[in-house]
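Inspection log for the structure reproduced underneath, given as structure tokens.
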Amino acid sequence: MNRLQRYIFLSLLTAAALILSIIEGMIPLPYIAPGAKLGLSNIVTMTVIVVFGFKDALLVVVLRCILLMLVATNPVTFIYSIASGIMSTIAMAFGVKYMNKFSYIGVSVLGAMTHNATQVTVAAIIFGTFNLYYYMPILSLVSIFTGCFVGYTSIFVSDNLNRTMLKLRREV
């Protein structure tokens, strides 16, 4: 795959992550855990980590967060989004690097838990109270379910993207 094709794929994946983030913001979830979301854009993040690597995944996450702020949210939400996006990407890349210890589903759950822990930490810093950490057990439980969903979906997307890229390599 040449550089132009790589950039095109990464651009499309960034757009997909942005669209998934916008759609996720429109989905009403039951208020079992207020603030909890499915993490649909993490499907793209996990796929980019597996197919392209950590640096490209970090680029996609940062671009998605900036574009999401410009299109649908505000600077305060951006602070939560960029911090948790970067930290969960680092955690998932670490998990993928040591795949013999983690499955994709385990890596995804690790990313979801890191994402939630980072958001609670950012909120605790902004509001100046550590009482928000009492909410972590609930968010951790939700992370297990959302992480499994994202992990299963990422396996499917990564396999199909790898096949598509393999066809492109043969054609070139």
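The values are calculated or read from the model by the stated rules, or taken from the named source; none is laboratory data. Values in this document were obtained by computation on a predicted structure and should not be read as measured data. Please note: Cβ atoms are built from the backbone with ideal geometry, for glycine as well, and neighbour counts cover all protein chains shown. Keep in mind that these areas ignore ligands, DNA and RNA; they rest on the heavy atoms of the full protein, side chains included. Shrake-Rupley method; radii C 1.70, N 1.55, O 1.52, S 1.80 Å.
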**Fill in**
Applying the gyration tensor rule to the Cα atoms of region 45-147 (axes a ≥ b ≥ c; rounded if a/c under 1.5, else prolate if a/b exceeds b/c, else oblate), the class is oblate
**Prompt:** In debye to the nearest 20, how big a dipole does the chain give about its Cα centre with +1 on each Lys and Arg Cβ and -1 on each Asp and Glu Cβ?
**Reply:** 540
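Using a probe radius of 1.4 Å on heavy atoms only, what accessible surface per residue do you get for region 74-172? Whole Å² is fine.
Per-residue value: 59 Å².
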**Complete:** The answer for the per residue Cα convex hull volume of the chain, in Å³, is 112
**Asked** What's the carbon and sulfur percent of region 91-157's accessible surface, probe 1.4 angstrom, rounded to a whole number?
**Response** 75
**Asked** Amide H of residue 52: which non-local residues (sequence gap of 5 or more, or other chain) have their own amide H closer than 5 Å, using H built in the peptide plane?
**Response** none
**Asked** Given charges of +1 on the Cβ of Lys and Arg and -1 on the Cβ of Asp and Glu, with all other atoms neutral, how large is the dipole of region 87-172 about its Cα centre, in debye to the nearest 20?
**Response** 360
**Fill in**
The relative contact order of region 94-155, taking Cα pairs under 8 Å that sit 6 or more residues apart, comes to a percentage of 46
**Fill in**
Expected sort for 86-97, 68-79, 138-149 on mean C-beta neighbours within 10 Å, highest first, is 86-97, 138-149, 68-79
**Relative contact order (percent, whole number), the chain, Cα cutoff 8 Å, 6+ residue spacing** = 25
**Asked** Using alpha carbon centroids, what distance separates region 52-73 and region 36-50, in Å?
**Response** 11
**Prompt:** Sorted by packing (mean other beta-carbon atoms within 10 Å per residue), highest first, where do 100-109, 119-128 land?
**Reply:** 100-109, 119-128
